[in-house]
1. Output the qualifying pairs, or none if there are none: Cβ atoms under 6 angstrom, residues six or more apart or on different chains, first residue in the stretch 1-23 and free of Cβ contacts under 8 Å to residues at least 60 places away in the same chain and closer than 12 Å to residue 233 by Cβ, second residue more than 7 Å from the ligand (Cβ to nearest atom) and in a loop (DSSP other than H, G, I, E, B).
2. If you go through the stretch 65-87 one residue at a time, how many are crowded, with 22+ Cβ neighbours inside 10 Å, in contact (Cβ under 8 Å) with a residue 60 or more places away in the chain and away from the ligand (no atom under 12 Å from the Cβ)?
3. Within the stretch 111-141, count every residue that is near the ligand (Cβ under 9 Å from one of its atoms) and crowded, with 18+ Cβ neighbours inside 10 Å.
4. Kindly indicate whether residue 108 is closer than 20 Å to residue 431 by Cα, more than 10 Å from the ligand (Cβ to nearest atom) and either at pLDDT below 95 or out of contact with any strand residue (DSSP E or B) (no Cβ under 7 Å at 6 or more places or on another chain) (or both).
5. Here are 441, 478: which of them is touching a helix residue (DSSP H, G or I) at 6+ places or on another chain (Cβ under 9 Å) and farther than 22 Å from residue 61 by Cβ?
6. Which of (1) more than 8 Å from the ligand (Cβ to nearest atom); (2) surrounded by fewer than 24 Cβ atoms within 10 Å (Cβ to Cβ); (3) in contact (Cβ under 8 Å) with a residue 40 or more places away in the chain does residue 62 not meet, given it meets every other one?
7. State yes or no: is residue 53 within 16 Å of the ligand (Cβ to nearest atom) and touching a residue at least 24 places away in the same chain (Cβ under 8 Å)?
8. Based on this model, can you work out whether residue 10 counts as within 8 Å of the ligand (Cβ to nearest atom), touching a strand residue (DSSP E or B) at 6+ places or on another chain (Cβ under 8 Å) and over 17 Å from residue 119 (Cβ atoms)?
Ligand SMILES: C[S@@+](CC[C@H](N)C(=O)[O-])C[C@H]1O[C@@H](n2cnc3c(N)ncnc32)[C@H](O)[C@@H]1O
């Protein structure tokens, strides 16, 4: 550690990633779901977007490349992150993104804050519960100065009580790792090895925690840089929602909803007896606090508004009916059952099948899908339709349905493809920029390679298979994945305006 990091990991850079909850359109949609009047960004709105703790800036660049009329300002205190982000943006010739190297603990009082315009949308992903109180306080002061009236803030954080049973896991992992004089990613790997051996040895607190067990099962597939930034920070501290809401109230921010859309449906999250308790309270913070006791919500994606304008039910439905979506599954792949915290939720095929068939023809308004003559039931519920399709990632929002793939997005995507293909493994899911959706479109690295081949006029996938050269026992599987990519995924990516 060094003198400027306040205990945050700085000896290895963070992994790049795109998180759809950070997109202004998803934040606005969450607000509409929560009956607060925030317009989805229109095609040419000159939005000011601010990202705090942006890492290597991938999400900020995706938003800038997808929306040339916006300006994105992104802040991080790690010069290695800011330098990498600036290089990438310069290579992609992005002129509407600015990266600022600054410490969030003091930025509100720093002259560098003059570079930050009043923001319409702000996002902080993976920052709040990983930094000390002094940084959280600095963030609140910055938000108080920089969020415009009516502006929207997304904040994600590790939440209590879900993390309660596994606080000890992080502590042992960090303590075991930091006793070694190695870089933080190596320390994290060593700490994880100790945790795995404790699980095998039936350590009671790990054995009895379903979150602990599922985390430990997943963690050894995660990049070591992710482990270091998630678990090796000195001030790592999961938080109660009520405490985050209390801190953000000083920036005049009101909690509205979750940008993890399905979490806004009590029927999907809670059993009937649990809902009966929640409904005793009108205060949303009390409701959320009770929900967090009922479900295992380890990472929260909360959306706040400064000066929330409440919508009556009819106006909310009208706004949601005007939302435009683009499908990103094949209609044959519609699941008829999904596992939710409250149990299995069924998707009525008489309702959903005609809808996904119609939506597979191109970007569609929710109100047009609800007016299809062949659907049965739930005709008047735009919130459910948009919440299920977008919330379960079967569809994305579409900002500019008529738009050609933009030059800025195409240029950014080519640079991104070149960079990722050099450095990452094929199963990694990343994202590409799209002027049509106005946000990132999730893409596997394999899709990216197929896309680059098609652009170069090559369609011979057997040649590509030979080049990938998978282990003999995986050849059929990789061939099938290539086939799906070529015959299904490419048409979604084309529909999403990625190329
Ligand atoms: C877990 S990473 C998340 C990065 C990015 N938001 C993402 O999701 O990919 C947290 C980021 O916050 C930055 N950070 C931590 N403390 C900070 C501070 N005091 N001031 C500014 N940035 C900070 C770190 O450098 C790191 O890039």
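The values are calculated or read from the model by the stated rules, or taken from the named source; none is laboratory data. Treat the numbers as computed from the prediction; the structure is a model and nothing was measured. For neighbour counting, all protein chains shown are included, and Cβ atoms are generated from backbone atoms with ideal geometry for every residue, glycine included.
1. Every condition considered, no pair remains.
2. The number of residues fulfilling the criteria is 3.
3. 10
4. For residue 108, the condition - closer than 20 Å to residue 431 by Cα, more than 10 Å from the ligand (Cβ to nearest atom) and either at pLDDT below 95 or out of contact with any strand residue (DSSP E or B) (no Cβ under 7 Å at 6 or more places or on another chain) (or both) - is not met.
5. On inspection, the qualifying residue turns out to be 478.
6. All conditions are met except number (2).
7. So residue 53 fits the description; yes.
8. Details: within 8 Å of the ligand (Cβ to nearest atom): yes; touching a strand residue (DSSP E or B) at 6+ places or on another chain (Cβ under 8 Å): no; over 17 Å from residue 119 (Cβ atoms): yes.
For residue 10, the condition - within 8 Å of the ligand (Cβ to nearest atom), touching a strand residue (DSSP E or B) at 6+ places or on another chain (Cβ under 8 Å) and over 17 Å from residue 119 (Cβ atoms) - is not met.
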